[in-house]
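What follows is a short report on a single structure.
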């Protein structure tokens, strides 16, 4: 009896151990699967490359270049060597030459079965002829539908007897840092070459007001320009446009214009042959921490209006000194986000704009104009220095002088403008650090006009009494306004 019980207990122990081992094995498999899903690392890109290759194209452009004007060796007329040098130069192809044809290479991709193709503007700019080479080996001539230099996008069209293979745009906003991507194009003329990598960063800006680049370490070289950047579903989430490199080759820092920008531009180019961007009609600058403190904002966000020329915003009642916090239901984080959002909004649309003014918010309705037709459109620009002026009175590291007719003429400002001319700036002062220079004109302090130094002193005193650490100045340089917050510590 005892022996039988012992055998039974032993069997149960074996069953229990087997169950534990099985559970641990299942758990290990689950953890491995979860880890693999988290990495989303494909075993191969071959299926993806095979799927999208027929829609990717090589682009060859031909441009007629005028005759060379390079200086040739000068031989005095009548010299015994004149005929010799002429014959020598002609034999070596260095004599007088007529126009010649220059070729360039790039990439692109088909977006519809009827032959619309997307590429970079810089790939086809100035081209007299454009030829498209398809993955299957045939070529077709292309016509230019429209271009947008601001986003470096161009749309071409080919005529084909049969429907063409094409790819669709994906949602670039869904891409996350670390997601796998694949680039395809014509690097260095090698044709239909594939490279893979990850999204290194999003929301990169290079030089344009509408920039929204995806940064990737997928190899991009010369000739890849205009080619697609794919997600793992075979959707285009970017157009390969630029690289950062000391030698012209890929070092793993490439930039693709986000598809959510490109697709809107492509739609307009297909429909109108040109872009039609919304225009708000304001000059703006970012809200810094000290500007926010000076204005009583709880955070440094929004776009600070520095000037309102004639246009949609002026008609709607937006004023200089307003901070735009929301545009058409979208929060405005900074000037760049506002410029992009406005540009992507339909021309003629009436939108709600929430502004911060005099310590509270207001909602205004603005009917957008068209950016391309607008005159005097200005976004944040580089400041230009002005010549120094005679010294007068000092305050906050600034030597100031009320505007008079002579100063107005010298500075080129309106005869009706009142304010304080900055004639010198202490280079050790906060004012100098924040960019104030001789020739600037202060027209407002604390969002109230100033005509002489006593007005400025009064605004400083008011800020101190209100417990603020800074006073907000409206400064104009060469007619361009911007706000600067300076400390008013007692």
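The values are calculated or read from the model by the stated rules, or taken from the named source; none is laboratory data. Just so it is clear, the model here is predicted, and its values are computed rather than measured. Quick reminder, even Gly has a Cβ in these numbers, built from the backbone with ideal geometry, and neighbours come from all protein chains shown.
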Taking strands (runs of 3 or more DSSP E) that do not extend beyond region 403-490, which have at least 3 residues that are within 19 Å of residue 323 (Cα to Cα) and either in contact with a helix residue (DSSP H, G or I) (Cβ under 7 Å, 6 or more places away or on another chain) or not assigned by TED's automatic domain parsing to the domain that holds residue 287 (or both)? 441-445, 470-477, 480-487
Residues in region 236-252 that are buried (at least 19 other Cβ atoms within 10 Å of the Cβ) and in a loop (DSSP other than H, G, I, E, B): how many? 1
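Condition check ((1) farther than 30 Å from residue 145 by Cβ; (2) surrounded by fewer than 21 Cβ atoms within 10 Å (Cβ to Cβ)) across all residues:
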{"position": "254", "(1), (2)": "no, no"}
{"position": "257", "(1), (2)": "no, no"}
{"position": "267", "(1), (2)": "no, yes"}
{"position": "271", "(1), (2)": "no, yes"}
{"position": "292", "(1), (2)": "yes, no"}
{"position": "295", "(1), (2)": "yes, no"}
{"position": "337", "(1), (2)": "no, yes"}
{"position": "356", "(1), (2)": "yes, no"}
Taking region 275-301 and keeping only residues that are in contact (Cβ under 8 Å) with a residue 12 or more places away in the chain and either more than 17 Å from residue 209 (Cβ to Cβ) or in a helix (DSSP H, G or I) (or both), one is left with 287, 288, 290, 291, 293, 294, 295, 296, 297, 300, 301
Does residue 225 fit the bill of being without any contact (Cβ under 8 Å) to a residue 12 or more places away in the chain and either under 19 Å from the mean Cα position of the chain (by Cα) or not in a strand (DSSP E or B) (or both)? no
Between 230, 272, 192, which is over 17 Å from residue 106 (Cβ atoms) and in contact with a helix residue (DSSP H, G or I) (Cβ under 8 Å, 6 or more places away or on another chain)? 230
Among the residues of region 177-184, is there at least one that is free of Cβ contacts under 8 Å to residues at least 60 places away in the same chain, within 20 Å of the chain's Cα centre (by Cα) and surrounded by fewer than 20 Cβ atoms within 10 Å (Cβ to Cβ)? yes
Of the residues in region 235-249, how many are modelled with pLDDT under 95 and more than 25 Å from residue 277 (Cα to Cα)? 7
Looking at residue 113 and the list (1) part of a loop (DSSP other than H, G, I, E, B); (2) closer than 27 Å to residue 372 by Cα; (3) modelled with pLDDT of 95 or more, which single condition is not satisfied? (2)
